[in-house]
Amino acid sequence: MKKILVVNPKGGCGKTTLTTNLASYYALWDVPVALIDLDPQRSSLEWLAQRPETLNPIEGIDGAHGRLSVPEHIQRVVMDAPARTNSAQLKRLFEQADEVLIPVLPSPIDIRAAGHFIGDLMLDKILRKSRIGLVANRVRENTLIYNNLEMFLSKLKIPLVTHLRDTQNYIRAAEGGYGIFEMAPYQVDKDMDTWKPLIKWIEKDHKL
């Protein structure tokens, strides 16, 4: 069982988008997957409630109320962390996760917030042992703000795994309870290309 934590204390950075689409990827390929929603807002679970019955199942777990037990048959667990997470909670989550993904938006406020968060992580010896990757989210390439984000992230000691495009495809998927991988290929071919490095990074040394 591999556990993937998606975390960033800054709200609105795209944690749920990353979490739900990652869970749908595994479901599409018949990998038993659980989605643990640790946020009291329950955005991931609300997405899951909209999921069509015709699609492969995803096990939904309400982690905001303390339930973190996962059925034994599950092979991949994706955890959607709450926006407000104290140091003790972060330590517990990081200790449970095999991989940690930090989504960052290309805006001055988000870049500064990410810098403070990542700086705190690097100062903490426990968190520093985790395998952490950055994901630039809602990106429009060849823009000044994206270039600033890319320059900022490249200076950190945490790898920038990929960037996800700013596209309506994620909004459509969120409304329908499915992932972009479950949409028509001609609609999402450019988006799927940006996910390949991320899946490769997560599944390093593993074969699905």
Take the conditions assigned to a loop (DSSP other than H, G, I, E, B), closer than 28 Å to residue 32 by Cβ and not charged (D, E, K, R) and apply them to residue 178. Does it pass?
yes
Examine region 39-59 for a residue that is closer than 21 Å to residue 134 by Cα, touching a helix residue (DSSP H, G or I) at 6+ places or on another chain (Cβ under 9 Å) and surrounded by fewer than 24 Cβ atoms within 10 Å (Cβ to Cβ), and state whether such a residue exists.
yes
Among the residues of region 52-106, write down those that are under 12 Å from residue 4 (Cβ atoms), assigned to a loop (DSSP other than H, G, I, E, B) and basic (Lys, Arg).
none
Answer from 137, 148 - the residue that is assigned to a helix (DSSP H, G or I) and of a type in the set (S, T, N, Q)
148
Residue 181 in contact with a Leu (Cβ under 7 Å, 6 or more places away or on another chain) and buried (at least 17 other Cβ atoms within 10 Å of the Cβ):
yes
Within region 155-164, is even one residue free of Cβ contacts under 8 Å to residues at least 24 places away in the same chain, among the polar types (S, T, N, Q) and closer than 19 Å to residue 21 by Cβ?
no
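Bear in mind these aren't lab numbers, they're just calculated from the coordinates by the rules spelled out. In this text, all values refer to a predicted model and were calculated from it rather than measured experimentally. We place every Cβ from the backbone using ideal geometry, glycine too, and count neighbours over all the protein chains shown.
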